[in-house]
Every structure is written in C-alpha cells, then in structure tokens.
C-alpha cells in the first residue's frame, strides 16, 4: 500500500493479484471512492498524466481508453475552487465512478500524482531477481522527451548472456559449478569486445 497527499486528499494505491491488480482509492473529508484497474489501464493512466504534465496544459484536454466492456475518460475540468483532472470509469455492469485530481499550487498536485503513479508502475514492472532485469517500459521516456521536442525515439534491447563477475563466481563453490558457469559465461573483456562494435553500428528510425 502506497499513497500521496494533494490538497487535503489522499490517493492510495493497493497492488494485488487477479485481473485487476491495481486499486486506487481517493480519501477526503466528503468522499471515499475506489476504482480497480488492470495493468493496461493503469499504464495508460500513468503515462497520460505524465504526458499532460509535460505539455502546455490544453484547456480542452481529453483522453479516453477502452478495454473490452470498460471505458475510461480523463478530462481537464474547472469549477469555483480551481482546475482539476477528472477520471471517470464506465462499465456495462456498474454505475460510473470518478476520481478527482486537484491541480494544487503551480500544478504541484498533478505533478505529484503523475510521479506517484509512474513510480508505482515502474516498481510493479521491476523483476524480483536482478539477473532477470530488463529495460523499463519506454512510455515514460517518450512522454518526457517530447517536452524537449524530441520526436523520434528508438530503443534497442541487448541480451549478451551471462558475464563472469566476482559476485557470480562467489556462488560457484564446486568444480562442477565453475565449469558450468564458464561454459555459459565469458569474462567482461570478451563480452565488451564482441558487443561494443555491434552497439556502435546500430542505426534505426521510428517513434
């Protein structure tokens, strides 16, 4: 359970299992509402909020996302208390539910919520084992680079296999284990000699 506070409100994210592993709850003096999201829905929400915070704040900003029978609507709204982002959830089997993200002073509220959701998503995608780590999803990077007028972003993933390091070899306490690792792995110098020319020769285009 993790949370962030914005203008007297608390937004809490609880991660669980099943088809909808994310539950966002809005706590305030007058209301308490929760919505359940699957991974694709939460990723969309987090990335769109980051993109909005990186933009100039279009007063007619609206974003939608559909997943099977579920539909989500993000829109910038305004009332007597100021501006806010309204998240609405529509499903055929339930009443519409909403969450309200206030702007805060100098948009600190929006930036706080966006960074909070971004961190939750990155933590959820982080592998438990360091040996299985992969590059993080590129959606956040593209959204933030757009703020600096960088339009085309190409990401290459390289998997050179195992590299013999002191940490890896410290677990090989038998002759058979050392032999097995040496068959699968190479010293860092050998891996670098093989990979560096290939990395330098990479060229591509895309967005």
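The values are calculated or read from the model by the stated rules, or taken from the named source; none is laboratory data. For clarity, every value in this text was computed on a predicted model and none was experimentally measured. Neighbour counts run over all protein chains shown; Cβ positions are idealised from the backbone, glycine included.
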Checklist entry - Taking the condition at pLDDT below 90, within 18 Å of residue 49 (Cα to Cα) and in contact with a helix residue (DSSP H, G or I) (Cβ under 9 Å, 6 or more places away or on another chain), does residue 121 pass? => result yes
Checklist entry - Taking the range 18-42, which residues are out of contact with any helix residue (DSSP H, G or I) (no Cβ under 9 Å at 6 or more places or on another chain), in a helix (DSSP H, G or I) and surrounded by fewer than 15 Cβ atoms within 10 Å (Cβ to Cβ)? => result 40
Checklist entry - Do the conditions hold for residue 45, that is, is it part of a helix (DSSP H, G or I) and either in contact (Cβ under 8 Å) with a residue 40 or more places away in the chain or more than 20 Å from the chain's Cα centre (by Cα) (or both)? => result yes
